């Protein structure tokens, strides 16, 4: 019996040592209503990564947002930002997202405060932010993304992506947080 207990404890210790740690999440509301989510990931997305990977991830997150939150209709316009700075995506990434529904625009075309809206026309908008990337191998990456329905309502996912035949396949994705 002692041997079985010792074996079980050893297995538990090994599993705990090999388990993947959850990311640290800090929520920092600022005085102007802006909500910033800070992660302790290794490499924030700059927008200069593979445009195919970024576009495939953006499409997947749009799909997940509409599937997992059907009570929150997507805005007609979603602005796309890269990293915590929410910089604009490259033209190559945006061109790969042409025809996406909802319409995707660079982050600079949206205003984020108590609400999210377009700078031109003040239309209600949403914000999709590709936060960070972990390159696990040449053809395998883990991307962290956030989708904001409003300044205080949103969700985040961690998506695995693999490149097969020169194309990125994104999924599975795991919901990591929601507001």
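The numbers here are math on the coordinates, done by the rules we state, and not lab data. Given the structure is predicted, the values throughout are model-derived calculations rather than measurements. A quick note on method: Cβ atoms are made from the backbone with ideal geometry, for glycine too, and the neighbour counts reach across all protein chains shown.
Annotations for the structure displayed:
- Sorted peptide list for 153-161, 50-58, criterion being average Cβ within 10 angstrom, highest first: 50-58, 153-161
- Between residue 120 and residue 177, the C-beta separation translates, for a Förster distance of 30 Å, into a calculated FRET efficiency of about 0.45.
- Residues 162, 133, ranked from the fewest to the most other C-beta atoms within 10 Å, line up as 162, 133.
- Here 132, 108 are placed in order of increasing Cβ neighbour count within 10 Å, fewest first, which gives 108, 132.
- One Cα centroid belongs to region 54-75, the other to region 107-152; the line between them spans 11 Å.
- Pairwise FRET efficiency - residue 76 versus residue 134, Cβ, R0 = 25 Å, nearest 0.05: 0.15
- Per-peptide packing, taken as the mean over residues of other Cβ atoms within 10 Å, places 74-85, 164-175 in the sequence 74-85, 164-175 from highest down.
- Entry for region 22-178 at q = 0.17 Å⁻¹: log10 I(q)/I(0) = -0.95, Debye formula applied to identical alpha-carbon scatterers, no solvent contribution.
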